[in-house]
Amino acid sequence: MNRKSLREQIFKLLFRTEFNDPAQMQDQLQFFFESGDMTVTDRDREYITQKCTSIVEKIPEIDRILDEKLEGWTVSRLPMVELAVLRLGTYEILYDDSVPTGVAINEAVELGKKFGEDGSGAFINGVLAGVNGKERSGKRASSDESTGAGKFSKGSVSERKGETYITRRI
């Protein structure tokens, strides 16, 4: 499997954490791989399992960071698809040095567009841009912070429409 396909499988497993007790996740991993929906190599299975386990272990910390970045939202109010995508993206930005930040954000946006509600991609982009700008500022300077764009990318305006953020280019 390529990295994009592996990331999608990790997302699907993370989505299951909302419906299962953390103690049941080992059983969920087994069911997931035995479902017959996909064929994975032992190496892919190990990668998916390790990364999902690492993310689940960091959920309290990731959720704390997300709660700080969400404006008008809390982690507990987020739709489950968007929450799983944001957890995966935040983990990749902050803890997985093998994934470039831009790739982590872009792939999270694509997962949001594929599995989430209308406007999810823009919402995910905005939240993860904030995570990247604030949390990595100690590691490297963020152009978003210096330009004041922090939450959303340059050349765009975001506004809240009901429970969704809409981003449009200007």
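Quick one: in region 1-38, of everything that is more than 18 Å from the chain's Cα centre (by Cα), among the charged types (D, E, K, R) and not in a helix (DSSP H, G or I), which residue is modelled with the lowest pLDDT?
Only one residue fits best here, namely ASP37.
When you check LEU66 against the structure, is it crowded, with 16+ Cβ neighbours inside 10 Å and farther than 19 Å from PRO100 by Cβ, yes or no?
For LEU66, the condition - crowded, with 16+ Cβ neighbours inside 10 Å and farther than 19 Å from PRO100 by Cβ - is met.
Of the conditions (1) free of Cβ contacts under 8 Å to residues at least 12 places away in the same chain; (2) farther than 19 Å from ALA108 by Cβ, SER5 clears all except one; give me its number.
Just one mismatch for SER5, condition (2).
Any residue at all in region 39-55 that is in a helix (DSSP H, G or I), surrounded by 12 or more Cβ atoms within 10 Å (Cβ to Cβ), aliphatic (A, V, I, L, M) and out of contact with any Cys (no Cβ under 8 Å at 6 or more places or on another chain)?
Yes, region 39-55 contains a residue that is in a helix (DSSP H, G or I), surrounded by 12 or more Cβ atoms within 10 Å (Cβ to Cβ), aliphatic (A, V, I, L, M) and out of contact with any Cys (no Cβ under 8 Å at 6 or more places or on another chain).
If I ask for residues that are over 15 Å from PHE115 (Cβ atoms), surrounded by 11 or more Cβ atoms within 10 Å (Cβ to Cβ) and either among the hydrophobic types (A, V, I, L, M, F, W, C) or assigned by TED's automatic domain parsing to the domain that holds ALA108 (or both), which ones from region 14-29 would you list?
Those that are over 15 Å from PHE115 (Cβ atoms), surrounded by 11 or more Cβ atoms within 10 Å (Cβ to Cβ) and either among the hydrophobic types (A, V, I, L, M, F, W, C) or assigned by TED's automatic domain parsing to the domain that holds ALA108 (or both): MET25, LEU29.
Please determine whether any residue of region 85-102 is in contact (Cβ under 8 Å) with a residue 40 or more places away in the chain, aliphatic (A, V, I, L, M), assigned to a helix (DSSP H, G or I) and surrounded by fewer than 21 Cβ atoms within 10 Å (Cβ to Cβ).
The answer is yes; a qualifying residue exists.
The values are calculated or read from the model by the stated rules, or taken from the named source; none is laboratory data. In this text the structure is predicted, and so the values were computed from the model without any measurement. Counting neighbours? That spans all protein chains shown, and the Cβs are built from the backbone with ideal geometry, glycine included.
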